[in-house]
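Just below is one structure, and these are the notes that go with it.
Quick note: the coordinates plus some simple rules give every number you see, no bench work behind them. All figures in this text were calculated on a predicted structure; none of them were measured in a lab. For neighbour counting, all protein chains shown are included, and Cβ atoms are generated from backbone atoms with ideal geometry for every residue, glycine included.
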Amino acid sequence: MSAPTTPAPGSGPARAAGASANRSRIGEFIFAGLALALGVFVFAGAFAIRLPAAGTQVGPRVFPFLVGTILVVSATMVIVGVARGKVAELEEGEDIDDSARTDWVTLAKIVGFVVAHIALIEIVGWPIAAAVLFGGVAWSLGARRWWAALLIGLALGLIVYVLFGGLLGLSLPSGPLLTWLDPLLRTLRG
Amino acid sequence: MDNIMNLMEGFATALQPEYLIYGFIGVLIGTAVGVLPGIGPAMTVALLLPLTYALDPTAALITFAGIYYGGMYGGSTTSILLNTPGESASIVTALEGNKMAKLGRGAAALATAAIGSFIAGSIATVGLTLLAPTIAAWAVNLAPADYVALMVIAFITVGALLGSSVWRGLTSLGIGLFLGLVGTEILSGQQRYTFGLLPLADGIDVVLVAVGLFAVGETLYVASRLRHGPVALIPVTRGWRSWMTRDDWRRSWKPWLRGTAIGFPIGTIPAGGADVATFLSYASEKKLSKHKEQFGRGAIEGVAGPEAANNAAAAGVLVPLLTLGLPTTATAAIILSAFQSYGIQPGPQLFTNQPALVWALIASLYIGNVMLLVLNLPLVGIWVKLLQIPRPYLYAGILTFAALGAYAVNFAIVDIVILLVIGIVGYFLRKYGYPIAPLVIGLILGPMAEAQLRRALQLSQGDLTALFTRPFAAVCYIALILIIGLGLWLRRRQSRLEHALAAAAAADTSVEAAVNRMWEPGQRPSDVATSDIDVVKPRDGRDSR
């Protein structure tokens, strides 16, 4: 069970490249369009800001008007640029495969594990929730042994929990399974 | 003389064992972070911000300064040994440094980068020591309109000139400015864009935005197109004492000094950080070198100069940050918000109100530089090991610590939800080529710019011309026009240079190309010296294999 890297059957490399260029262009339009919408919203929303009774020259609306204008103008120019074929130049990175297509399945898995982490913190405590997050993300990214990832995550969670609670005095929730750790923290704190 | 006394007192503080340890932790984390792909100094400072609330401001700021300097050192190791650098300021180092490593001269490249960084960092810190109090004393007289002018310069240069696309940069800046608007407005106490939601009334936490964009967004982006398989790392020969030959020293010392002379002033002006400085240094070394033919194939000057420029610029960035409260890079912006979280406002008054803190900070920069030289020369093997962490675990760890950092701000689950949302936005920003730095600068500098703008217009009774008629402000706007012109010219040159380099790499009959054909990276036997390799130039065209 490693991350799926093989492209869908039936899509030759040439076709895939063309299709993905097209698709990323649609994505660019959508994103720039959202930025434009945000600009309009900032501008319109500025009218809803209440002005203080004492009439000052420059109220709390002026800067929002400026920001809205910047967003509207620059997002429009991005859209115009994309329409003329100026697609984004991507930054390189050590671990990024430029030729790979966006792997939405892995992304969904990772977001899912973050959501699970959020849901679990107050139920099972931070260390176990951290183990789920660490193990899950490592597995999504193709770690070969999921149980090793989970164990490393648990160790990491416990170390951070003890260091935080014991030395920095920041108490992360321990959850019902790990209450036996609390006396240890108290002795560490002195 | 007064400054020297102050600096000595700063050393007395920074050399206390407690602060030495914090400084050491800072440079250690900073180097690790600089070496590791996927995390940069900006994100690390943001992540550690909530954890240092328990410390006193001096200790926290010394730690952050260490991270800041350490990150600059670590980045060069990555770009020399792995190619394709993470931080944009290291791109130029990768050009020559990685070629040197492939020729089996990785150790020399690492050494010239580390020593150059040390020399440049030290000289630039002296520059900071001498320059900062003077500028602070002068800046006391600046009026709000002057600050507005300075901030406009910072917005335009960071937003429009540094990225690859002017309008994408400005869009990113606009989003950051908008996020800065959310919350309760300072002067009149009005709520803006809070949708009546209580968590938004205090504004959006800088930590969440920075960690969300830099850590979560970056992890998601890498995950979406992760390079699978082993990391193609070039091993370094042992014995750091023999790293640099006499010839290497002879060829390195001038680029170090020139890089410093280029980097520090560029870092100082609010025209955006280290990238420009490294590129300029590279171009001038190429022009001045007696070994022009080696450029693009592993010229040591092309590592020594830009690395020195990089570190000198990093110190230069601290000048406007400390004396004017003006951040010109994302990391500086987050350090500024760290100052603010302790109730300290960097600016002209900082040197008179908080002399002990600011001089201890400057002294810690000298100390940190020495620590970094020690950490990076003999101990480089440890950092190389860090580069080999399997990527699934590395990014899982980054994400776990990001979630922890967000949670530790207020111990509120909702903060992790906001973190995830910002991270997803960051992913799309990255995917569609919007730079992140303008957003962070807009978020942190936006509220300050608004306050100054309104103060300026209050003073002038709403007269807009007052924004331009003060002499300093007028000079700023004229400079801005020049900077824009210069920036566009530089960008054209830079893209020309990149094209030329790509062409040179394609038509390559050099020793390095021969090495690449013969051995995989790192497989080259150590007893084969470059001079032993006889390159036979193909007679008719190139080997078409």
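In this structure the amide hydrogen of A:Leu170, modeled in the peptide plane, comes within under 5 Å of the amide hydrogens of A:Gly165, none closer than 5 places in sequence on its chain. Summarising the amide proton neighbourhood of B:Gln191: residues at separation of 5 or more, or on other chains, whose placed amide H is nearer than 5 Å comprise B:Glu185.
Which of rounded, prolate, oblate describes region B:347-420, given a ≥ b ≥ c as roots of the alpha-carbon gyration tensor eigenvalues and a/c under 1.5 marking rounded, otherwise prolate only if a/b is larger than b/c? Oblate, because a/c is 1.5 or more while a/b does not exceed b/c. Spacing of the modelled spin labels on B:Leu197 and A:Val62, each 7 Å from Cα toward Cβ, amounts to 3.0 nm. Counted as membrane-span-like here are DSSP H helices of chain B whose alpha-carbon atoms extend 15 Å or more along the helix's own axis and whose Kyte-Doolittle mean is 1.6 or above; these are B:144-156, B:355-376, B:413-431. Applying D = kT/(6 pi eta Rh) to chain B, where Rh is the Kirkwood radius over alpha-carbon pairs, T corresponds to 37 °C and eta to 0.692 mPa s, the Stokes-Einstein value obtained is 137 µm²/s.
Remark: C-alpha extents of region A:104-189 on the principal axes read 45, 23, 21 Å, sorted largest to smallest.
Taking θ as phi - 60° and the Karplus parameters 6.51, -1.76 and 1.60, the scalar couplings of region A:147-157 work out to 5, 5, 4, 5, 5, 4, x, 5, 4, 4, x Hz in sequence order, x denoting glycine and proline. In terms of its Cα atoms, region B:342-483 spans 60, 40, 37 Å along the principal axes, sorted from long to short.
Based on Cα contacts under 8 Å between residues 6+ apart, region A:104-189 shows a relative contact order of 29 percent.
If you take the alpha carbon atoms of region B:1-83 and fit the smallest convex hull around them, that volume is 99 Å³ per residue. Here B:Lys290 is the anchor, and the lysines within straight C-alpha reach of less than 23 Å, apart from those fewer than 8 places off in the same chain, are B:Lys99, B:Lys102, B:Lys254, B:Lys537. Normalised Debye scattering of region B:75-211 at q = 0.12, 0.13, 0.17 Å⁻¹ gives log10 I(q)/I(0) of -0.85, -0.94, -1.10, counting only Cα atoms as equal scatterers and leaving out solvent.
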